[in-house]
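J.: Have a look at this one before I ask anything.
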Amino acid sequence: MSEVQPIRSTRFRAEREADWRALEALVKRVETQGSHRLSFEESRALAELYRKAATSLSVARDISLDQNLLIYLESLVARAFLSVYAPQESLSGVIGRFFGGSASAAVRRSGMAILMAFLALALGGWLAAMLFAQDPAWFYTFVPGGLAGDRGPGASTETLRAGLFSTEANLLGQLGAFAAYLFSHNTRVALFSFALGVFACVPSLLLTLYNGLILGAFWGLYADRGLGVELFGWLSIHGVTELSALALAAAGGFRLGLAILFPGGMTRKDSLRAASKDAVKLALVASLMLLVAGLLEGFGRQLVTDTTLRITIGWGIGALWLAWFMLAGRRAR
Amino acid sequence: MARTETPARIARRLESSRRWFSLVPPEGVPIRFEIAGLAARFGAQLLDILITVVIMAAIIIVLAFLPFDIEPVVTSLAAILLLMIRAPYYILTELFWNGQTIGKRATGLRVLGADGRGLTTHAVVARNLMKEVEIFMPGTLLLASGGLGLFWNLVLTLWIAVVLIVPLANRKRQRLGDLIANTYVMVGPKSVLLPDLSSSTPTDAFDFTPAQLEHYGRFELQTLESLLRTETTTQGSGERRRESLIQVAAQIRRKIGYEAAVPDSRVEEFLHAFYTAQRAFLEQKRIFGDVRDDKHHRADSPFNHQASNHQASNHQASNHQASHKGRT
């Protein structure tokens, strides 16, 4: 036995090792420099060598008992897979797609859930206004003390009016107001009504209803003092955006909850995952709207004290949101 | 006779205690990835938090030099800045660096889409938005927990418990965000290809009969492989390696009944030759559907089915083929 042929798996390795080494070099470059640095030929070679290596791995698992070779191929194919299937996104592409259609399409698809959220808000508001008309003491039941401040049934009409038209001249005071706003009541409500929607919609529904109750109680109080229109203007300038944001966040929660409640033909896990695609976009839109509402409340409401102008700005911006939701990305579909 | 745990079985148990998952890419060849441990993920998270906090602090310091008095609003300003730095930081790094934040890079971890088609923008955004709800909100509340009432402290405790239990309870260590986005966090693989042991063998020195090769299986072969691959750096460890090679060679010769004497100087040559012959023999058997996972393969036949899934299915596939041929 002077000339023995190398065993099968050794020959297998000898025939393919050059390809593996080439692939390893390419993968290393992608890992350190990113795939956009490869030339056209190199990217094509990467994809081709990856498939060859995957085939090698499949064969090696069957015919080879060389542990080092198997471990090497496993990791090489894994790394090549990661290089080949890396997300090929650009920042402008992601942002462009979000604003150019995917977000508005998600909003359009969630029409029912959004309607549900607005109905819950309106129901809460109507309920609280009715109850307040019967007995002003209901105000304290609905409105938490911190939120009410000195605005309550006990306050004089003049105090209430002054609250609506206060002007903070100091820029930094406005910044502070803006900052405080972002972590204020409504942002928390929006966040929770989105995140808790998973529990079969119930917490979201309750939170939205509750927010409606607070709103209704204020409305009842101010309308009682003949300040209805002024309150409407005060609320409109940021409230159109803010309440819509609240409704969208709750609608996102509803989408998740509905997916759990009525999964249809899918498993609940799959159904939740499918619904999360729209729900996440709703959450992003809602947080963007809350940001805008914060700016409007922190700066706009202090700078603009004319009720008509407040209403115009508020509803004008509301119309812009609506236009974005209804029109963006329609042609593409 | 009570079955004791064989070394091969212990090795297999240790292997399975590291958590793996197979991902099937469009090419159809399953690829194995190792699930990241919670300690490594915690470390990565800590580093990322540190980075975002440092950026936030830097911005605050710059703002402090401007002619404004930011002192009354500094806490809420810090909270907003942190949120506005944090969310884009995680989302953009994971999206553009293929599932790696700076912290994950440092600890060698990576986020991976479970469906085998790469990470999508949606998956990255979803898992990082959930991170706000899962980690940062309870974290911030925890810092402020002294000022909360009993009820909210209970809620907070429950919240943290749920967030911790979810990744601990599922085998793949997915937190809630991972479950919704359908992603895993895995350990980045490293690849080192060592020379093939069989090819460096002088061919005419030692001969083995098929009967002598019947004794061992895959596990023993690969144990021998790792022994032969042991690298020695110091004089002392080289000496120890030589001694263990001599012992192993003696053991093998006794077991397989190899009569001819092997001088101590040629012991490594002998083991290489035996390794090559044994590997050729076992690979040949394997091609014909006789998978020998370790030396107990005959006495302990149900064992083959417990072998790593892949090998078991292989075995069944070849059995199936054999019976198929029998019929035709």
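The numbers here are math on the coordinates, done by the rules we state, and not lab data. Quantities reported herein were computed from a predicted structural model and do not represent experimental measurements. All Cβ positions, glycine included, derive from the backbone under ideal geometry; neighbour counts span all protein chains shown.
J.: Just how large is the dipole of chain B about the Cα centre, in debye to the nearest 20, putting +1 at every Lys and Arg Cβ and -1 at every Asp and Glu Cβ?
T.: Values: 37 positive and 30 negative charges, 163 e Å.
Using Cβ point charges on Lys, Arg, Asp and Glu, chain B gives about 780 debye.
J.: Right, another one. Using the Cα centre as the reference, give the magnitude of the dipole from point charges on the C-beta atoms of the protein assembly as shown (Lys, Arg: +1; Asp, Glu: -1; all else neutral), rounded to the nearest 20 debye. Display every interim value, and only then the final one.
T.: On the way: 68 positive and 54 negative charges, 299 e Å.
Magnitude of the dipole: close to 1440 debye.
J.: If you don't mind, another one. Set the Förster distance to 35 Å, then compute FRET efficiency between residue A:126 and residue B:143 from the Cβ-Cβ distance, nearest 0.05.
T.: On the way: r = 40 Å, r/R0 = 1.13.
My answer for the efficiency is 0.30.
J.: Within 10 Å, at most 11 other Cβ atoms, and a DSSP state outside H, G, I, E, B define an exposed site. Report the longest part of chain B free of exposed GluC sites (Glu not before Pro).
T.: Working: sites that count: B:5, B:231, B:259.
Counting at most 11 other Cβ atoms within 10 Å as exposed, the longest clean stretch of chain B is B:6-230.
J.: For the pair residue B:288/residue B:57, report the inter-label distance in nm, with labels modelled 7 Å from Cα in the Cβ direction.
T.: 7.1
J.: Which whole-angstrom value gives the distance between the alpha carbon centres of segment B:114-135 and segment B:139-198?
T.: Measuring centre to centre over Cα atoms gives 13 Å.
J.: Follow-up. Please label the shape of chain B as rounded, prolate or oblate, based on the square roots a ≥ b ≥ c of the eigenvalues of the alpha-carbon gyration tensor (a/c under 1.5 means rounded; beyond that, a/b larger than b/c means prolate, else oblate). Could the numbers behind the result be given before it?
T.: On the way: a/c = 2.96, a/b = 2.24, b/c = 1.32.
Prolate, since a/c reaches 1.5 and a/b exceeds b/c.
J.: Please report the net charge: other residues with Cβ closer than 15 Å to the Cβ of residue B:107, K and R +1, D and E -1.
T.: Values: positive: B:41, B:104, B:105, B:110, B:173, B:190; negative: B:34, B:48, B:94.
Taking every other residue near residue B:107 into account, the sum is +3.
J.: Name the shape class, rounded, prolate or oblate, that the alpha-carbon gyration tensor gives for the protein assembly as shown, where a ≥ b ≥ c are the square roots of its eigenvalues, rounded holds for a/c under 1.5, and otherwise prolate holds if a/b is larger than b/c and oblate otherwise. Walk me through the numbers before you get to the answer.
T.: Working: a/c = 2.88, a/b = 2.73, b/c = 1.05.
In terms of gyration-tensor shape, prolate.
J.: I would also like to ask the following. Just tell me, in residue order, which DSSP H segments of chain A are both 18 angstrom or longer along the helix axis (alpha-carbon based) and at least -0.5 in mean Kyte-Doolittle hydropathy.
T.: Answer set is A:40-63, A:67-84, A:111-134, A:202-224, A:228-261, A:268-295, A:307-327.
J.: Set the bar at 21 Å for Cα to Cα. Now go through A:28/B:172; B:190/B:295; B:104/B:172; A:28/B:190; A:28/B:131 and name every pair that lies beyond it. List each step's numbers first, then the result.
T.: Values: A:28/B:172 27 Å; B:190/B:295 31 Å; B:104/B:172 18 Å; A:28/B:190 11 Å; A:28/B:131 31 Å.
Over 21 Å Cα-Cα: A:28/B:172; B:190/B:295; A:28/B:131.
J.: How many partner chain Cβ atoms sit within 10 Å of a residue's Cβ in peptide A:280-289, on average, as a whole number? Each step should come with its number before you reach the end.
T.: Details: counts 10, 3, 0, 4, 3, 0, 0, 4, 0, 0.
Counting Cβ atoms of other protein chains within 10 Å of each residue's Cβ and averaging gives 2.
J.: Now for a separate question. If each DSSP helix of 4+ residues adds -39,500 (n - 2.57) and the sum is divided by the residues in chain B, what number results at 222 nm, nearest 500 deg cm²/dmol? Kindly include the intermediate steps, with their values, before the conclusion.
T.: Working: 13 runs with 190 residues, N = 328.
Computed ellipticity for chain B at 222 nm equals -19000 deg cm²/dmol.
J.: Indicate the helices, whole DSSP H runs only, in chain B that combine a mean Kyte-Doolittle hydropathy of 1.6 or more with a Cα extent along their long axis of 24 angstrom or more.
T.: Details: long enough: B:38-65 (41 Å, 2.30); B:74-96 (32 Å, 1.57); B:150-169 (28 Å, 2.37); B:235-256 (32 Å, -0.96); B:267-287 (30 Å, -0.26); B:309-327 (27 Å, -2.08).
In chain B, the long hydrophobic H runs are B:38-65, B:150-169.
J.: Quote the FRET efficiency, to the nearest 0.05, computed for residue B:227 versus residue A:266 with a Förster distance R0 of 56 Å and r equal to the Cβ-Cβ distance.
T.: Numbers: r = 52 Å, r/R0 = 0.93.
Calculated value: 0.60.
J.: Among A:122, A:133, A:47, which one shows the biggest mean-square fluctuation in a GNM of chain A, springs joining Cα atoms closer than 10 Å?
T.: With Cα springs under 10 Å in chain A, the top fluctuation among A:122, A:133, A:47 is at A:47.
J.: Among B:52, B:234, B:223, which one shows the biggest mean-square fluctuation in a GNM of chain B, springs joining Cα atoms closer than 10 Å?
T.: In the Gaussian network model the winner is B:234.
J.: Using a 10 Å cut-off around each Cβ of peptide A:83-92, what is the average number of partner chain Cβ atoms that fall inside? Intermediate values should be presented prior to the final figure.
T.: Working: counts 1, 4, 9, 7, 13, 2, 7, 2, 4, 0.
Rounded to a whole number, the mean comes out at 5.
J.: Moving on to the next point. Springs between alpha-carbon atoms under 10 Å, Gaussian network over chain B: tell me which of B:141, B:66, B:179 tops the mean-square fluctuations.
T.: Of B:141, B:66, B:179, the most mobile in the Gaussian network model is B:66.
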